[in-house]
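Quick notes on the structure that follows.
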Amino acid sequence: MLKQYVGYSALMCLLTAGVVSCNNGTTEQKQEEEIHNAATQVVPEEAEGLIGRWDITVDKDGKAAPSWLEVKLSGFNVLVGSFVADAGSARPVSHIQLKDGKFSFQIPPQWEGGDGFFTIEGELAGDGIKGTITTNKGNKFDFTGVKAPYLVRTGEAQWGEPIELFNGTDLTSWNASGDNSQWVVEEGILINKETGANLISEQKFDDFKLIAEFRYKEGANSGIYLRGRYEVQIEDSPKDRHPGSLYFGGVYGFLSPSEMATLGPNEWNKYEITLRGRMVTIVANGRTIISNQEIPGITGGALDSREGEPGPIYLQGDHTGVEFRKITVIPGK
């Protein structure tokens, strides 16, 4: 009987120890979850000035080229981010090195082609950043950057009178970006016949609503740049394709539409776009495909990176042909 009692006692001790161990494990796990809470992240002192979004201007042999960088904290002390060059879409940055006040990272080429990497090296300079970009082909350019504005709007939006940017007759109030313009007006339709210059409105806007009716051919790729900085894609995307930021209705490289709402090539499609600060809503052919989403920064092909300033409506003409029969802007008051 004593042996049986001793056996039960030993078993109870083991069970009790297991429960205590489990409870300790639960407590430790809870502590780990609390430690890993992103809301309680402590930004390393050295990285405080660098974290955020940067509007960058690159000096390319005397010509200003816009770029954009976002730096974020991942975990305890790893910096990651996203980079937009003067062409192409936003590229993820898996690790930004920061040592002795200087930062650096590498990204692979995109539409530039070739092997190797682009190397970006920089440092804080007062309230901004400065540094160099070395391409995968060995070209080296200087850059400067300023913190991107938040562009927060408060109160209810107030809208003015509609402005017909396209008069249905000629290219009055528009300028081509270069000598190789293929833009003409025929029978009340604004046509980009083939690859050539972009078309930029003379008038600039801050907040606005844009109504555009357009038509494209099979295989087409074009876009409408809001304030000359944020491209909304016009592309011949298959209707059965998963929606994406590079396809019809996406904000290039940043925001994906909720569905593929195109009517297809050789049909008149319609965008109704509202831009207020950074927040954009896009209705395509009567369907809301992006609803009040933030555009983080400029997209590739932007005219400049001065996000705090008003900008024009710019129609992409350097890819393929596209047609417009209506371009109306309702500016904010």
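Side notes on the structure shown:
- For a straight C-alpha distance cut-off of 26 angstrom, the lysines reachable from residue 60 (same-chain residues fewer than eight places away being disregarded) are 102, 130, 137, 140, 147, 204.
- For the residues 45, 309, 121, a GNM of the chain with alpha-carbon springs under 10 Å puts the largest fluctuation on 45.
- Building the convex hull from the alpha-carbon atoms of the chain and averaging its projection over directions returns 26.3 nm².
- Whole-Hz couplings from phi, Karplus 6.51/-1.76/1.60, listed for segment 263-275; x for Gly and Pro: 8, x, x, 6, 10, 7, 9, 9, 10, 10, 10, 10, 10
- Chymotrypsin sites (Phe, Trp or Tyr not before Pro) restricted to segment 51-108 and DSSP loop, no more than 13 other C-beta within 10 Å: 76
- DSSP-assigned coil residues among GluC sites (Glu not before Pro) in segment 257-333, each with at most 13 further Cβ atoms within 10 Å: 267
- Label-zone membership for segment 112-137, site residue 46, 7 angstrom Cα→C-beta point, backbone N under 17 Å: 121-125
- Extension reserve of the residue 186-residue 76 stretch, reckoned as 0.36 nm per residue once the Cα distance is removed: 33.6 nm
- Listed by chain and number, the lysines whose C-alpha is less than 17 Å from the C-alpha of residue 209, apart from same-chain residues fewer than 8 away, are 270, 326, 333.
- Each other residue within a Cβ distance under 11 Å of residue 222 adds +1 if Lys or Arg and -1 if Asp or Glu, for a net charge of -3.
- Largest GNM mean-square fluctuation across 57, 40, 320, computed for the chain with C-alpha springs under 10 Å, falls on 40.
- Under 19 Å of direct C-alpha separation, and excluding same-chain neighbours fewer than eight residues apart, residue 72 reaches these aspartates and glutamates: 45, 46, 48, 55, 100, 121, 123, 127, 294.
- Evaluated over the Cα positions of segment 163-331, the convex hull gives a direction-averaged projected area, one quarter of its surface, of 8.4 nm².
- Net +/- balance of residues flanking residue 239 in space, Cβ distance below 15 Å, scoring K and R +1, D and E -1: -4
- Euclidean distance between Cα centres, segment 121-186 to segment 42-106, Å: 19 Å
No value in this document is a laboratory result; all are computed from the given coordinates. Here the structure is a predicted model, which is why all the values come from computation and not from measurement. All Cβ positions, glycine included, derive from the backbone under ideal geometry; neighbour counts span all protein chains shown.
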